[in-house]
Each structure stands twice: as structure tokens, then as C-alpha cells.
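Take a look at the structure below.
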Amino acid sequence: MKILIVEDELEIAEIIQECLEAEGFSCDVCHDGQSAIQLFAEQQPDLIILDIRLPGMDGLEVCTQIRQKSVANDPYILMLTSRGEEIDRIIGLSTGADDYYIKPFSPRELVARVRALLRRRLRSSGDRSGTIRTKSFTIDLEQHCVTRHLDADSAEELDLSSSEFKLMTLLVKHPGRVWERGQLIEKLWGDDFFGEERVIDTHIARLRKKVEPSTSKPKFIQTVVGVGYKFEDL
Ligand code: CA
């Protein structure tokens with residue numbers, strides 16, 4: 001498992017590197033956003049630990065760019081922030097981070113989160129067979145692809161990441177069911193989840209961008225105020 005560490009504070013970068021390498025992970029380290037983009041392309045890491053505040057291009061921009069590039073290789077992104085209130089900003093921008101961590105951190109907890117994220121990836125490769133159809137969508141569980149039917153004669157294949165695919169499949173399997181955030185997390189990642197529950201909002205926002213004709217008025221993935229989300233395809 002390869003991890004890319006992006007952190008401009010050299011001492012912190014070194015601590016992270018040491019504690020992950022001690023656990024057997026292979027790490028690359030860089031200290032600014034441009035190098036992060038370049039190393040991502042060269043090394044194809046499984047997971048990126050990304051500080052938000054970087055000189056030049058900040059962590060949010062790096063995250064957005066990586067999400068735009070990666071389709072085949074969709075790394076997990078764990079963002080580091082020194083202030084809890086920044087988490088709302090990250091979620092609001094729906095940059096596609098998988099987890100957030102507020103500094104100062106304990107090396108042991110950071111390693112636990114990294115392990116939890118990487119286990120999600122291993123698990124996501126299982127559970128494949130058959131096809132699910134609704135009025136507007138076909139999900140091929142074997143090919144891992146989702147098609148949206150535009151009208152009787154035309155359809156388009158949606159370009160979903162592996163976590164978006166899992167979320168979409170779960171929602172579509174249970175039309176009309178209202179899910180709380182915690183229930184979605186439990187179903188998607190089980191005990192491997194270790195982080196902020198609101199992270200699910202980011203995944204929903206990214207998924208809506210790809211499946212909804214209009215994200216300002218979601219037709220399929222609806223918000224249930226005070227509870228969570230549901231999928232409808234009427
Ligand atoms: Ca920093």
C-alpha cells in the first residue's frame with residue numbers, strides 16, 4: 001500500500017512518515033501542492049494524506065484536481081486541518097475528501113484512520129453479481145457501471161468512483177427508504193469507518209453532480225430534512 005504525504009511543516013511530515021513506515025506502509029513525502037499533483041500521477045498512491053494549508057496551491061485545490069484526474073485509480077484522501085471549523089468548508093465545497101483529521105493528532109489514531117480507509121478499498125472489490133434496474137438507471141454489479149436512461153432510445157454511462165458506485169447501489173437497492181447518515185456509513189464501511197459522520201454529505205454531493213439533471217433540485221437522491229437521504233425514481 002502506497003501513501004503520499006503532503007505537508008509543508010517538515011517536522012509534522014516526518015512524524016507522519018515515521019509512524020506509517022513503522023507500520024509497514026511505503027510513503028512518499030512532498031511539501032507543496034504542485035509536487036503533490038506530480039507525485040500522484042507518477043506514483044499512483046492508494047491514499048493521500050493532504051494538509052489543507054500549503055504554500056501556493058492549497059490542499060482543497062489539490063484534492064479537487066486529483067478527483068478530476070483520477071478515474072481508474074481513485075485514491076482515498078485524508079485531509080489534515082488545524083481548525084475544526086474548516087471541516088464545514090471542506091464539506092461545503094464537496095472536494096471529495098474521504099476523511100478529515102484535526103491537528104494536533106496522535107500518531108496512533110492517524111495510523112488507525114489510515115488502516116480503516118485502506119480496508120474500505122479492499123472490501124469494495126467484493127460483492128459483485130447481477131443487475132439492478134429502475135426506471136432511470138441500470139446498475140451492472142459485475143462491470144461496476146451505472147447507466148442513466150435519458151429516454152426510450154438513449155442512455156449514458158456514468159463515470160463514478162468506487163465509493164460513489166457503492167453509495168449509488170445501496171440507495172437504488174432500497175427505493176423510498178430513508179437513510180440516516182450513520183446507517184449509510186454502517187452499510188458502506190461498517191466497522192472500518194472511523195471519522196466524521198458528515199463525510200457522507202460530501203459523497204452525496206459528488207454523486208448528485210453525476211446522476212442528477214439538476215443538483216439544485218435533486219430528483220433521485222433526495223434530502224430528508226432532519227434525517228438524511230432517500231432514493232426515488234418515480
Ligand atoms: Ca500547513
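We did not get these values from a lab; they are worked out from the coordinates using the rules stated. Here the structure is a predicted model, which means the values were calculated and not measured. Neighbour counts are summed over all protein chains in view; Cβ atoms, including those assigned to glycine, are modelled from backbone coordinates with ideal geometry.
For segment 131-231, what is the relative contact order in percent, using Cα pairs closer than 8 Å and at least 6 residues apart in sequence?
Details: 125 pairs, mean separation 23.5, N = 101.
Result for segment 131-231 is 23 percent.
In the chain, the longest principal axis of the Cα atoms and the axis of helix 199-211 are about 50 degrees apart. The residues CYS63, CYS30, CYS145, when put in order of fewest to most other Cβ atoms within 10 Å, stand as CYS145, CYS30, CYS63.
Using Cβ contacts closer than 10 Å as the measure, can you line up ASP98, ASP233, ASP28 from fewest to most? Please list the in-between numbers first.
On the way: ASP98 25, ASP233 15, ASP28 18.
Ascending Cβ contact count within 10 Å gives the list ASP233, ASP28, ASP98.
Between 0 and 90 degrees, the angle of helix 10-21 with respect to the longest Cα principal axis of the chain falls at about 70 degrees.
Run the numbers on the chain and let me know its relative contact order in percent, using alpha-carbon pairs under 8 Å that are six or more apart. List each step's numbers first, then the result.
Values: 377 pairs, mean separation 34.0, N = 234.
Computed over the chain, the figure is 15 percent.
Distance between the C-alpha centres of segment 3-18 and segment 192-234: 33 Å, rounded to the whole angstrom. From its DSSP helices (H runs of at least four residues, each -39,500 (n - 2.57)), the chain gives a residue-normalised ellipticity at 222 nm of -12500 deg cm²/dmol. Beyond 22 Å, what share of the Cα-Cα pairs of the chain remains, rounded to the nearest whole percent? Percentage above 22 Å: 53. Subtracting the Cα-Cα distance of HIS144 and ILE132 from their residue separation scaled by 0.36 nm leaves 3.2 nm. Within straight-line reach of LYS219, meaning a Cα separation under 18 Å, sit the following lysines at least 8 residues removed in sequence or on another chain: LYS135, LYS173, LYS209, LYS210, LYS230.
As a proxy for reagent exposure, ranking THR215, THR134 by other Cβ atoms within 10 Å from fewest up yields THR215, THR134.
Convex hull over the alpha-carbon atoms of segment 10-81: what's its volume per residue in Å³? Let's see the in-between values first.
Working: hull volume 5.9 nm³, N = 72.
So the per-residue hull volume is 81 Å³.
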